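Report on the structure given below.
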2 protein chains.
Amino acid sequence: MTQDDLNNQLKWLFENAMSGISVDCVAFAYQEERLKVLCLRYRNTDIWSLPGGLVFKHESLHQSAFRTLQERTGLDSIYLKQFQTFGEVERANIKEVMSRLVPPFAMEYFPNRSISVGYYALVNHREVIFTQDILTDLTAWHDIEELPAMIFDHVQIINTAVKSLKAQFDHLPLSYHLLPKKFTIGELQKLHEEVLGEKLERSNFQKKILSTAILERIDERKIGGAYKSPYLYRFKREKYEAWVNQVF
Amino acid sequence: MTQDDLNNQLKWLFENAMSGISVDCVAFAYQEERLKVLCLRYRNTDIWSLPGGLVFKHESLHQSAFRTLQERTGLDSIYLKQFQTFGEVERANIKEVMSRLVPPFAMEYFPNRSISVGYYALVNHREVIFTQDILTDLTAWHDIEELPAMIFDHVQIINTAVKSLKAQFDHLPLSYHLLPKKFTIGELQKLHEEVLGEKLERSNFQKKILSTAILERIDERKIGGAYKSPYLYRFKREKYEAWVNQVF
């Protein structure tokens, strides 16, 4: 890409977008029994960022967040929830940071201050196909407790998203989005323990989960474990959707 | 105020504020056993609005919401919580509505589209002193179930705020902000029933509330009721503050 190409692309972008507002997406996945978050690395740097971007004049905030993540992950269906808008005056030292990441001629496009609307997403990492863009060269899942160096207030945005997820996870079947199609009750419990950050008592958990009637046991068992092969379960799609419609 | 004065005031306002973003405040009070919301009426019209406004370049979103309400109500201390940001493309037909509310020369200042960050506030209406501004001539408490004609998506913003308050009220001692300093358990129960929209069983409610140890019984009884004078209670300030610090 030539300097002219980049200039034209940025010019078009800023002309067609709202000024001083962006969305940032905290995309969670559950991988190797850990809660992970999707991060992007700026080209030729060690600086990471959340996927996010400008809001086009013709799109809603939600559409902007969805587009941003869809472009990155190739997913057509993403569970997306707005959790907080970040509007401290000093939250993003845009001019200072961007001067290290883009050529000097591009600096004129960036505003002094930007407000960011935070969305968290729940993503099945098994279905993701990463795509890069003109500013980043790597997309990766990071453990929420081992985050790399991130721009602006992105660490704070992630921590706030984790807190919101935790507050909503307890009574909502959000695990639907993070697990494989079939899973054991033990695997479901491990996910809840990871998100909530605490051990749960096995029989209470099982009783509570099964009482919601949102799961169904299928006629198949998990093979290969050390113990007696446990039954596999899956979400009843219509029950899950009824729940979504009731809550949102 | 002359046309020049108004023009200068609007010019100054839009020059010093961020473009395309505003805050809107849903200020709740509990009056005559009903949940009320603060609404403003535009001068010489029957069109009502939430208190809200532009965000100055030098202030955070939270400061902007606080300033807006402080100017209206004279309060120095306001419980304020961001609950959602409204960003649909067609949410506010700004040009169309404002052309009916401000003189033609002022129209150039208004943007085509604006995103609004919603805050809800809990206000003790006994402490409020209303102040008007250049565009409005009346401030009043409206029952949330009998709202007047409101501009833009303000009815939706109020309904969303009610939903958020309801979701958070059950397990949080937010009633601290809405009740007089001293109250009976019966009065506290009535407030919870009004917010949650359902009857609560008296002995369960009493047991649950007293188990939080956030209230203290004072050596005084409510006088003048039809029944045996019940004890009065108040919030333990240090317990309430410890709770706020833990949750937020």
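So the values come out like this:
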{"item": "Sole residue being over 28 Å from B:VAL23 (Cα atoms) and out of contact with any Leu (no Cβ under 7 Å at 6 or more places or on another chain), chosen from B:GLU198, B:GLU193, B:GLU146, B:GLU220", "result": "B:GLU198"}
{"item": "Residues being within 14 Å of chain B (Cβ to nearest Cβ) and farther than 17 Å from A:LEU13 by Cβ - total across the range A:64-87", "result": "9"}
{"item": "Count of the range A:167-189 residues which are surrounded by fewer than 17 Cβ atoms within 10 Å (Cβ to Cβ), in a helix (DSSP H, G or I) and modelled with pLDDT of 90 or more", "result": "1"}
{"item": "Unmet requirement for B:GLU15, which otherwise passes all of (1) free of Cβ contacts under 8 Å to residues at least 12 places away in the same chain; (2) in a strand (DSSP E or B)", "result": "(2)"}
{"item": "Residues of the range A:96-124 classified as modelled with pLDDT under 90 and either among the basic types (Lys, Arg) or within 26 Å of B:SER164 (Cα to Cα) (or both), total", "result": "1"}
{"item": "Residue, nearest to B:LYS166 (Cα to Cα), within the range B:1-24, restricted to residues that are hydrophobic (A, V, I, L, M, F, W, C) and within 14 Å of chain A (Cβ to nearest Cβ)", "result": "B:VAL23"}
{"item": "Candidate set from the range B:88-126 (those that are of a type outside the set (A, V, I, L, M, F, W, C), surrounded by fewer than 13 Cβ atoms within 10 Å (Cβ to Cβ) and in contact (Cβ under 8 Å) with a residue 12 or more places away in the chain); member that is nearest to the other protein chains (Cβ to nearest Cβ)", "result": "B:ASN112"}
{"item": "Index of the failed condition, A:PHE66 passing every other in (1) in contact with a Cys (Cβ under 7 Å, 6 or more places away or on another chain); (2) free of Cβ contacts under 8 Å to residues at least 24 places away in the same chain; (3) hydrophobic (A, V, I, L, M, F, W, C)", "result": "(1)"}
{"item": "Lone unmet requirement of (1) closer than 20 Å to B:LEU232 by Cα; (2) crowded, with 17+ Cβ neighbours inside 10 Å for B:VAL162", "result": "(1)"}
{"item": "Test for B:GLU59: is it of a type outside the set (Phe, Trp, Tyr) and in contact (Cβ under 8 Å) with a residue 24 or more places away in the chain", "result": "no"}
{"item": "Members of the range A:202-215 found to be loosely packed, with under 11 Cβ neighbours inside 10 Å and within 21 Å of A:TYR30 (Cβ to Cβ), listed by number", "result": "none"}
{"item": "Filter pass, B:THR160 being of a type in the set (Val, Ile, Thr) and more than 16 Å from the chain's Cα centre (by Cα)", "result": "no"}
{"item": "Residues within the range A:29-53 that are modelled with pLDDT of 95 or more and of a type in the set (Phe, Trp, Tyr), tallied", "result": "1"}
{"item": "Residue match in the range A:50-58 (condition: within 14 Å of chain B (Cβ to nearest Cβ) and not in a strand (DSSP E or B))", "result": "yes"}
{"item": "Pairs where the first residue, in the range B:184-212, is more than 23 Å from B:ASN159 (Cβ to Cβ) and the second is of a type in the set (Ser, Thr, Tyr) and part of a helix (DSSP H, G or I), C-beta under 9 Å, 6+ apart", "result": "B:LEU188/B:SER175"}
{"item": "Some residue of the range A:214-233 being under 27 Å from B:GLN168 (Cβ atoms) and either in contact with a strand residue (DSSP E or B) (Cβ under 8 Å, 6 or more places away or on another chain) or modelled with pLDDT under 85 (or both)", "result": "yes"}
{"item": "Complete set of residues in the range A:25-36 that are of a type outside the set (Lys, Arg) and either part of a strand (DSSP E or B) or within 14 Å of chain B (Cβ to nearest Cβ) (or both)", "result": "A:CYS25, A:VAL26, A:ALA27, A:PHE28, A:ALA29, A:TYR30, A:GLN31, A:LEU35"}
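The values are calculated or read from the model by the stated rules, or taken from the named source; none is laboratory data. It should be emphasised that the depicted structure is a prediction, and the values quoted were computed from it without experimental measurement. Ideal geometry is used to build each Cβ from the backbone, glycine not excepted, and the neighbour counts take in all protein chains shown.
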